[in-house]
Amino acid sequence: MRIPKSHPRYESLIRREKLVRAWKAGIVVPEGLIAHGRGEAFDYLLGEETTAPALVAEKAAAAFLVRAKRPVISVNGNVAALASSEVARLAKRLPAVVEVNLFHRSDARVRRIVRIMRDAGAPTVLGLRPDATIPHLESKRALAHRRGIYRADVVLVPLEDGDRTEALVRMGKTVISIDLNPLSRTSRMASVPIVDEVRRALPTVEKFVRELQADPDETARICTEYDRRGNLAAVYSFLEWRLGVLARRPKAKPRATRNRRARR
Ligand code: PTJ
């Protein structure tokens, strides 16, 4: 389908089209399309921009990633379809291992997504032939790599489900999530929840990584002072404030009335 550039929701329609194409190519699962819709609904509420609390979380995420000894970025179907280049750039910059980890796992899908990540330029991509299991996790998401998620100290999990976030936190890892839903179990369980759109969040984290790699004192200060509860509370306050602003906005006049007045 050709989407006219003049369409007021051009970017959003392009993203949807990308996901549908990725679904047809066996990269995204149908459940991923539902997840995207949920994300978009929250993005409307957030104003489709990176909020101030998200920026704070993105800087904290960068600080933990810079200090990590074995950082890993977990990639699923939606992330590969929407943000493979952004993931690859961050992985190169750190450097971090990329591990394909799927909820609806099949070897064929893992193979396709590994290829996408390699083509995007990620230096090390794991996912095929996992050799470890994340404890207390029943789903196929438990399958992991010793060289990757299993031994990682910091794991970045964009568009995650709450169970694995919780299991990884229980293993003692610092878990950084990217999820537009601030009420999801993922956002509530993660060590550093980023409530932002994945394609906005990743380049911002990468920018902060570049800055903090040159400033170990600031990195250490952020890791000590970051307050996840306070940050999530700020996200909820932001939503409250935004809905308040929308509620107070004067109502648009019905079109017919406006035209009649203009003609007078
Ligand atoms: O590829 P698979 O098999 O691993 O499956 C991937 C999905 C996304 C289907 C799977 O992880 C899943 O079911 O996830 P959930 O539990 O639906 O959670 C996805 C979360 O991502 C939801 O809370 C959405 O609000 C959020 N989300 C959706 N699109 C975006 C997003 N967050 C940030 N950026 C987005 N573009």
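What does the net charge come to around ALA61 if you take all other residues with beta carbon closer than 12 Å to its beta carbon, with K and R at +1 and D and E at -1? Kindly include the intermediate steps, with their values, before the conclusion.
Numbers: positive: LYS59, ARG67, LYS207, ARG228; negative: GLU58, ASP196, GLU206.
Its environment carries a net charge of +1.
If you place +1 on the Cβ of every Lys and Arg and -1 on the Cβ of every Asp and Glu, how big does the dipole about the Cα centre of the chain come out, in debye to the nearest 20? Intermediate results must be reported in sequence, preceding the final value.
Values: 51 positive and 30 negative charges, 315 e Å.
For this selection, approximately 1520 debye.
5 Å is the cut-off here: which amide hydrogens, built 1.01 Å from N in the peptide plane, fall below it relative to ALA132, excluding neighbours closer than 5 in sequence?
ALA144, ARG146
Excluding LEU19 itself, calculate the net charge of residues whose Cβ lies under 15 Å from the Cβ of LEU19, where each Lys or Arg counts +1 and each Asp or Glu counts -1.
For residues surrounding LEU19, the net value is +4.
Would you give the gap between the C-alpha center of region 5-39 and the C-alpha center of region 162-240, rounded to a whole Å?
A separation of 25 Å, based on Cα centres.
What angle do you read, to the nearest 10 degrees and between 0 and 90, between the alpha-carbon axis of helix 30-46 and the longest principal axis of the chain?
Computed tilt is about 60 degrees.
Could you give the size of the charge dipole of region 123-264 about its Cα centre, using +1 on the Cβ of each K and R and -1 on the Cβ of each D and E, expressed in debye and rounded to the nearest 20?
1740 debye
Can you tell which of ALA214, PRO250, ALA25 lies farthest toward the positive end of the dipole of the chain, using +1 and -1 charges on the Cβ of basic and acidic side chains (Lys, Arg; Asp, Glu)?
Highest projection toward the positive end goes to PRO250.
Just to confirm a number: summing +1 for Lys and Arg and -1 for Asp and Glu over residues other than VAL79 whose beta-carbon lies under 11 angstrom from that of VAL79, what do you get?
Overall, the nearby charge balance is -1.
Tell me the angle of helix 107-120 to the major Cα principal axis of the chain, expressed in degrees between 0 and 90 and rounded to the nearest ten.
Helix 107-120 sits at roughly 80 degrees to that axis.
Read-outs throughout are calculated quantities, based only on the coordinates presented, and are distinct from any laboratory measurement. All values reported here derive from a predicted model rather than from experimental measurement. Please note: Cβ atoms are built from the backbone with ideal geometry, for glycine as well, and neighbour counts cover all protein chains shown.
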